[in-house]
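Notes follow once the structure below has been shown.
The values are calculated or read from the model by the stated rules, or taken from the named source; none is laboratory data. Keep in mind it's a predicted model, so treat the numbers as computed, not measured. Glycine also receives a Cβ, built like all others from the backbone with ideal geometry; neighbour counts cover every protein chain displayed. Heads up: the accessible areas ignore ligands, DNA and RNA and are worked out on the full protein's heavy atoms, side chains in. Shrake-Rupley method; radii C 1.70, N 1.55, O 1.52, S 1.80 Å.
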Amino acid sequence: MYDYYLGGKDNFAVDREAAEQVLSAAPEVRILAKENRAFLGRAVRFLAAEAGIRQFVDVGTGLPTQGNVHEIAQAVDPSARVVYIDNDPIVRVHAKALLPSDGTTAVIEADMRDPESILKHPDLHRLIRFDEPVAVLFMSVLHFIADEYDPYGIVAAFRDLTVPGSHLALSHITSPAQNTGAAEAAADVYKNRATSPAVLRSPKEIQALFDGYDLVEPGLVYLPQWRPDTPGTARDAESVWMLSGVGRKI
Ligand SMILES: C[S@@+](CC[C@H](N)C(=O)[O-])C[C@H]1O[C@@H](n2cnc3c(N)ncnc32)[C@H](O)[C@@H]1O
């Protein structure tokens, strides 16, 4: 569905039908998806170029598209290493076909609702040195984790494996400031048609995911407001009902 919002071709009829239902309830979802990819790009560039991070764990990778994490990080340092994790087997197949064969990347098919299956995975430990800073990314994925699966515990399990100076970057849908009911209607489609329901969380609930981290400037903000490439372009930020932030482990 996300690939369809982004204008990609790697989707099936069943994805397109459900995505069209979401778009008729909330046409802005297409903008959300594009703004989310743009945030991912700015955040990874910040992490590689300014925070000096050379190791990335991207949880809930999605299908490869333009501006993948390793491409952005390796533009700063070609030796940067990235482990991609997704529970969708199609993501693994596409990623394996497209990833460079130079040993700097790996893809793991695993479900983050069972974080131990990821944290103990040999491919994770083959690429990532946990005695050096790591950036863990949860981009547009934690809203697919219902409270019963403890998204806070999942984020904390990764945090506890990393050293101070490591980073957490995430984006998460929230209830819009001007509540038109569109976000709830879109979430309803996920409940009925998708593999995971979508959970809208409040800014306070999303902020709590950064427990143990100091948010870097500008804090937890709407996607277009996070260090925009062109300042002043973030006018309609609140209509993009997804919050984003980057934190540094204390
Ligand atoms: C909206 S896409 C986000 C893709 C990418 N992170 C981005 O921001 O562009 C969400 C991805 O999370 C994956 N996902 C959803 N639930 C997951 C889970 N429990 N474990 C691992 N991956 C999951 C989906 O398969 C999908 O590829």
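Per-structure values
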item: Percentage of interatomic Cα-Cα distances in region 146-250 larger than 24 Å; result: 31
item: Most mobile listed residue (60, 153, 165) in the chain, GNM with C-alpha springs under 10 Å; result: 153
item: Exposure of residue 152 as accessible area (Å², to 10), given a probe of 1.4 Å and all protein chains; result: 80
item: Per residue solvent-accessible surface (Å²) - region 141-208, probe of 1.4 Å; result: 45
item: Alpha-carbon centroid distance for the pair region 24-51 / region 194-250, whole angstrom; result: 10
item: 5 angstrom amide H check on residue 216, placed H, neighbours 5+ away; result: 246, 247, 248
item: The chain: calculated mean residue ellipticity at 222 nm from DSSP helix runs of at least 4, using -39500 (n - 2.57); result: -10500 deg cm²/dmol
item: Largest to smallest accessible area among 125, 172 [probe 1.4 Å]; result: 125, 172
item: Trypsin sites (Lys or Arg not before Pro) within region 124-223: DSSP coil, no more than 15 neighbouring Cβ in 10 Å; result: 129
item: For the chain, built as a Gaussian network whose Cα springs stay under 10 Å, the top-fluctuating residue of 21, 225, 66; result: 66
item: Residues whose placed amide H lies under 5 Å from that of residue 167, excluding near-sequence neighbours; result: 134, 135, 136, 249
item: Backbone HN-Hα couplings from phi across region 6-14 [Karplus 6.51/-1.76/1.60, Hz, Gly and Pro as x]; result: 7, x, x, 10, 8, 9, 9, 4, 5
item: Solvent-accessible area, 1.4 Å probe, carbon plus sulfur percent, for the chain; result: 51
item: Projected-area average for region 1-140 over all orientations - Cα convex hull basis, square nanometres; result: 8.6
item: Computed label-point distance, nm, for sites residue 20 and residue 229 using a 7 Å Cα→Cβ extension; result: 3.2
item: Over 29 Å (Cα to Cα) - which of 9/204; 34/191; 9/191 fall in this group; result: 9/204
item: Amide H contacts under 5 Å for residue 242, placed H, 5+ residues apart; result: 174, 223
item: Along principal axes, Cα extents of the chain, largest first, whole Å; result: 46, 37, 36
